[in-house]
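Written below as structure tokens is the structure these notes are about.
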Amino acid sequence: MALIATPTLYDKNYSALIKEAINRIKANCPEFTALLPSDPGIAILDAMIYQLHQLGVNLNQLPKASLISWLDYLGVSLKLPSYAVCNIRITLEEALSEQYIIPKNTRFLTVNGIGFLSKSEAIINSGETYVDIECICETPGLAGNVKKHTITSAYQFLPYVKDIDNPDDATGGYDGEINDEALERGRKIFSHRYRAVTLLDYEQLACEIAGIGRAKAIDSLGKVDLYLLDVQGEIVNSELIKQVKDYLLTCKIAGIELNVHPAEFADITINANVKFLTGYNINETKQLAFQNIAQFYHPLTYQWGRSIYLSEIFKLIEDTAGIDYVESLVLPESNIEISPHQLPLIKEVNLNAI
């Protein structure tokens, strides 16, 4: 049975800390030019960095029980699961001469049996044929984020009703956090203590909000632009953006302008001429190639703003079972540069047999 790894509280090294400190001096105090080990100021800096480094190293020796106690003291708690919500449209066979009332807690079902309850009573007035009802999933978690047009029936009989449908995806359902995830998140709190000073602080604090999977902060002429992904690697909704912004307004330094945006994607289409191996199903091989490429460029793991290189696309295709070699890559024609706040999104992978 595998042991649970103890979280790393401190992952810096002495050389990196010195380099970071020197770079900050160059940026903030350009008049300080004597950046030599013999300079008294640099000697004091060196001694301070050494002591900080030793404290960090010793921090990693904390027993897990002690770490949990510290995080409890800092107010770190498990993120609880949340419930997905959506609007369900009820359409009547025809307009009625009197009001049609749909009670609160009316239960609706998806094609797979996932239940949603209406949050309030809904009324279709006389002469009208439909109403939209806000509903909440019965069970918490990502499973409640069902796609549009999948809620199609009611648990109980509703007379005069012709159609039940959710015009949009259900959103807002997120799984709860397990202990080790909270410990890993908690180690970051030791660095920012709920105060946004550095860009990394903004990113880590944004991920304190349930539903946020990744964040990228960019300093833009004295303001901070923060880009967000949800836990599924998809564009965040307006409610999550509001939650992050409201939370960070209580953490950031006064006077710093903050703009919060959904992450931006660079759509990538790949066309290649390849030689397939005999004995493999071509359609299955194409699907496997798409999965391999999409996994490599997955928004939750790929580095923000990193270029897309032709060489890695060649390798990803040729490493797919069932493909002998790539004769030519039609698209993209050259390495793709993407902006620092963007992530790649694989839209199509078309493989042509030669």
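Any read-out appearing in this document is the output of simple, stated calculations on the displayed coordinates, not a laboratory observation. From a predicted model like this one, the values you see are computed outputs, not experimental measurements. No Cβ is skipped: glycine too gets one built from the backbone with ideal geometry, and neighbour counts run over all protein chains shown.
A few comments on the model shown:
- Cα Rg over Rh - region 194-262, Kirkwood: 0.93
- Take the Cα of residue 306, step 7 Å toward its Cβ, do the same at residue 120, and the gap between the two points is 4.7 nm.
- In straight-distance terms, cross-link reach from residue 315 covers every one of the aspartates and glutamates whose alpha-carbon lies under 14 Å from its own, apart from those fewer than eight places away in the same chain; here that gives 324, 327.
- Coarse-grained scattering of region 250-309 at q = 0.12, 0.14, 0.18, 0.23 Å⁻¹, given as base-10 log I(q)/I(0) from a Debye sum over alpha-carbon atoms: -0.52, -0.63, -0.85, -1.07
- When all alpha carbon pairs of the chain are counted in 20 Å bins from zero, the resulting P(r) reads 21, 43, 31, 5, 0 %.
- Placing a label point 7 Å from the Cα of residue 261 along the Cα-to-Cβ direction, the residues of region 192-235 whose backbone N falls under 15 Å of that point are 215-229, 235.
- Spin-label zone in region 90-106 - amide nitrogen under 20 Å from a point set 7 Å from the Cα of residue 162 along the C-beta vector: 90-102
- Counting only Cβ charges, +1 for Lys and Arg and -1 for Asp and Glu, the dipole size of the chain around its Cα centre is about 940 debye.
- Take the Cβ atoms of residue 350 and residue 220, set R0 to 41 Å, and the FRET efficiency comes out at 0.65.
- C-alpha center-to-center spacing [region 91-157, region 233-255] in angstrom: 31
- The antiparallel fraction among DSSP beta bridges confined to the chain stands at about 70%.
- Distance-filtered residues of region 171-212 - backbone nitrogen under 11 Å, label point 7 angstrom along residue 78 Cα→Cβ: 176-182
- For region 8-61, the spread of Cα coordinates along the three principal axes comes to 39, 20, 13 Å, biggest extent given first.
- Checking the Cα-Cα distances for 79/188; 19/188; 12/188; 188/252; 79/147 against a 18 Å cut-off, the pairs over it are 19/188; 79/147.
- Put a dot 7 Å past the Cα of residue 180, heading toward its Cβ, do the same for residue 278, and the two dots end up 4.7 nm apart.
- The angle between the Cα long axis of helix 64-73 and the longest principal axis of the Cα atoms of the chain comes to about 70 degrees, rounded to the nearest 10.
- Rg over Rh for region 265-353 works out to 0.98, both radii taken from alpha-carbon positions and Rh defined as the Kirkwood radius.
- At R0 = 22 Å, FRET efficiency that the Cβ-Cβ distance of residue 128 and residue 153 yields, to 0.05: 0.50
- R0 of 51 Å, Cβ-Cβ distance residue 25-residue 328: FRET efficiency to nearest 0.05: 0.50
- Between residue 36 and residue 51, the simple label model (points 7 Å from Cα in the Cβ direction) yields a spacing of 2.6 nm.
- Among the chymotrypsin sites (Phe, Trp or Tyr not before Pro) in region 140-195, those placed in a DSSP loop whose Cβ has at most 16 other Cβ atoms within 10 Å are 155, 157, 160, 194.
- Compared with the dominant principal axis of the Cα atoms in the chain, helix 179-192 is inclined by about 50°.
- Where only DSSP H runs of four or more residues are counted, the chain gives -9000 deg cm²/dmol as its mean residue ellipticity at 222 nm, each run worth -39500 (n - 2.57).
- Candidate cross-link partners of residue 148 among the lysines, defined by an alpha-carbon separation under 24 Å and a same-chain spacing of 8 or more, comprise 104, 119, 162, 242, 347.
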